[in-house]
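Written below as structure tokens is the structure these notes are about.
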Amino acid sequence: MSGNHGERIQAGSAQLRFPYDSHKRVEERAWIEARVMELAEYTDPESRGYTRLAFSKEDTLGRKAVSRFMKDAGLAVRVDAAGNIIGRMNGRQADAPIITTGSHIDTVREGGRFDGVAGVIAAIGAVRCLRSRDFPTQHPVEVVVFTSEEPNEFGASTVGSRAMAGTLDKRLLVTLKNKEGLSLDEAIQRVGGSAKGINEAARARGDTLAYLELHIEQGPTLDNMGIPVGVVNGIAGFARGQVTVVGSTDHAGTTPMDVRKDALVAAAEAIQVLERVGRRKDLPNTFATIGVVENYPNAANVVPGRVVMVTDVRNTEMEFIERAEHAFQEELRKISTRRGVDISFDRSNISFPVNMDTWVTGLIEESCQACGVPYHLMTSGAGHDASHMAGITRAGMIFVPSRMGKSHCPEEWTDFGDIALGAEILAATIFKIDERAKEVGEHGQGNC
Ligand code: HGY
Ligand code: MN
Ligand code: MN
């Protein structure tokens, strides 16, 4: 997979096929801002920042609001068996494969307003654009809000897009439970899905002509370069693993320091070791994080007896992810021997690195050139629903800048003008995909 070696490309000489006029662009920016800000109101009041966890009360309110936005934009709305919300605009050819675009509206805990939301609102905005400019498409266009993209309280992520790609392990729906004992199956039913019929959410290859996702970059590259659009050529993979450290629970005031088996101190060493693995020169572009630490019994006067942690290791090359995990496990064995604690490591979740489709990526680039928008070719370090959709169709992504690269935090910000511009590129690309489907052997003759 290619690295982050994009270049700035200025407006080409191609004719302007699909620009808004400046009046329309200002109007669309205001429309987008109002919807993003409305969704930001559906946040857990007990949490700092913006918290709309999948399947929560706030998520349900957000889902209702997006369904309304879709209906207002003239889309026919339904919910599939995975709880994905799908808004459809029919094409002129009823049986033509679908052009799908979307993202997610669930957030991490104490996250921001734009991750996922920007892509969903831009997708509806793109449909508004296609309709208002009276560019009927041959192919149906579907806007999808994917269920539970972020890691949820059941320990799964990208639930909706895995289901649509047909790769969601059905058994997990029953076996994965949250702390209250609710199963993922029951949670999906609460948002209008039907876990029993989860296979019905799967799309066959050929059902979908292409998938496009606009997303905030979540890193600093575009903001630093002052370029408004990123054209993504690949998405890094990640592996999550659970580390369980079992020592000995003892009294903090009586247990001599030299006989303790303190699980938290061993876990602290493991955290440092993973950071060092992530920095190894022979594992370039590796990102290694422990973002979850559960300490038991978590009491001031008790030597910790058990710690559970979650690792997140990423790279655009699967080989490096695996080498990093092996190196980490070797170090865990040393810590275990030295400290007399048991340490287990189990990989819980994997998302493979993927390349974006070169035809779709080329059309995004052409759209940027036609609209006079500078862009940068780049890889995505963050995971997306597009990774899974790439398994069943031609997938492409459009990035818009994140101020100071901040994301997964309340400070996350993207200018609404940049989202509106991205929505315009999205609309232009949908139009090009529709018009030029025959280049990839799909039906849908185009109208030009
Ligand atoms: O974790 C991720 O990369 C994404 O934000 N879901
Ligand atoms: Mn995220
Ligand atoms: Mn996201």
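Some points to look at:
Residue by residue, here is whether (1) out of contact with any Phe, Trp or Tyr (no Cβ under 6 Å at 6 or more places or on another chain); (2) in a loop (DSSP other than H, G, I, E, B); (3) more than 23 Å from SER351 (Cα to Cα) holds:
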site: VAL265; (1), (2), (3): yes, no, yes
site: VAL292; (1), (2), (3): yes, no, no
site: ASN295; (1), (2), (3): yes, no, yes
site: ASN298; (1), (2), (3): yes, yes, yes
site: VAL308; (1), (2), (3): yes, no, no
site: THR311; (1), (2), (3): yes, no, no
site: GLU319; (1), (2), (3): yes, no, no
site: GLU325; (1), (2), (3): yes, no, no
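- Residue match in segment 216-233 (condition: more than 16 Å from ligand 1 (Cβ to nearest atom), touching a residue at least 12 places away in the same chain (Cβ under 8 Å), of a type outside the set (Lys, Arg) and farther than 30 Å from GLY417 by Cα): no
- Residue selection: ARG171 fails the criterion of being in contact with a Ser or Thr (Cβ under 8 Å, 6 or more places away or on another chain) and basic (Lys, Arg).
- Residue count, segment 194-246 (criterion: within 16 Å of ligand 2 (Cβ to nearest atom) and more than 20 Å from the chain's Cα centre (by Cα)): 0
- When the test is whether a residue is farther than 16 Å from SER67 by Cβ, out of contact with any strand residue (DSSP E or B) (no Cβ under 6 Å at 6 or more places or on another chain), away from ligand 3 (no atom under 15 Å from the Cβ) and charged (D, E, K, R), ARG92 passes it.
- Pairs meeting the criteria (first residue in segment 91-114 and farther than 16 Å from ALA210 by Cα, second residue assigned to a strand (DSSP E or B) and not hydroxyl-bearing (Ser, Thr, Tyr), beta carbons under 8 Å, at least 6 apart or on different chains) are HIS104/VAL145; HIS104/PHE146; ILE105/VAL145; PHE114/ILE216.
- GLY83 outside any helix (DSSP H, G or I), in contact with a Lys or Arg (Cβ under 7 Å, 6 or more places away or on another chain) and more than 16 Å from ligand 3 (Cβ to nearest atom): no
- Helices (runs of 4 or more DSSP H) wholly inside segment 147-236 containing at least 2 residues that are farther than 18 Å from GLY381 by Cα and within 16 Å of ligand 3 (Cβ to nearest atom): 159-165
- Count - residues of segment 379-395 that are assigned to a strand (DSSP E or B) and within 16 Å of ligand 3 (Cβ to nearest atom): 3
- Exactly one residue among GLU366, GLU411 is within 16 Å of ligand 2 (Cβ to nearest atom) and over 17 Å from the mean Cα position of the chain (by Cα), and that residue is GLU411.
- Scan of segment 267-290 for residues that are of a type outside the set (Ser, Thr, Tyr) and in a strand (DSSP E or B), ordered by number: PHE287, ALA288, ILE290
- Test: PHE399 is hydrophobic (A, V, I, L, M, F, W, C), out of contact with any Lys or Arg (no Cβ under 7 Å at 6 or more places or on another chain) and part of a strand (DSSP E or B): yes
- Among the residues of segment 89-120, those identified as within 15 Å of ALA386 (Cα to Cα) and among the hydroxyl-bearing types (Ser, Thr, Tyr) are THR100, THR101, SER103.
- Residue in segment 108-117 that is within 30 Å of MET404 (Cα to Cα), within 16 Å of ligand 3 (Cβ to nearest atom) and among the aromatic types (Phe, Trp, Tyr) present: yes
- Residue within segment 237-256 that is closer than 25 Å to PRO140 by Cβ and within 16 Å of ligand 1 (Cβ to nearest atom) present: no
- Condition met for LEU212 (assigned by TED's automatic domain parsing to the domain that holds VAL360 and either buried (at least 23 other Cβ atoms within 10 Å of the Cβ) or touching a residue at least 60 places away in the same chain (Cβ under 8 Å) (or both)): yes
- Among the residues here, ALA54 qualifies as in contact (Cβ under 8 Å) with a residue 60 or more places away in the chain, buried (at least 24 other Cβ atoms within 10 Å of the Cβ), closer than 20 Å to GLU153 by Cα and among the aliphatic types (A, V, I, L, M).
- Near pairs, Cβ below 8 angstrom, 6+ apart or cross-chain, from segment 63-77 (without any contact (Cβ under 8 Å) to a residue 24 or more places away in the chain) to any residue that is part of a helix (DSSP H, G or I) and surrounded by 12 or more Cβ atoms within 10 Å (Cβ to Cβ): VAL77/SER67; VAL77/MET70; VAL77/LYS71
- Check on PHE154, away from ligand 2 (no atom under 16 Å from the Cβ), over 27 Å from TRP413 (Cα atoms) and without any contact (Cβ under 8 Å) to a residue 40 or more places away in the chain: yes
The values are calculated or read from the model by the stated rules, or taken from the named source; none is laboratory data. None of these values were measured; they are calculated from a predicted model. Methodologically, a virtual Cβ is constructed for each residue, glycine included, from the backbone with ideal geometry; neighbour enumeration extends over all protein chains shown.
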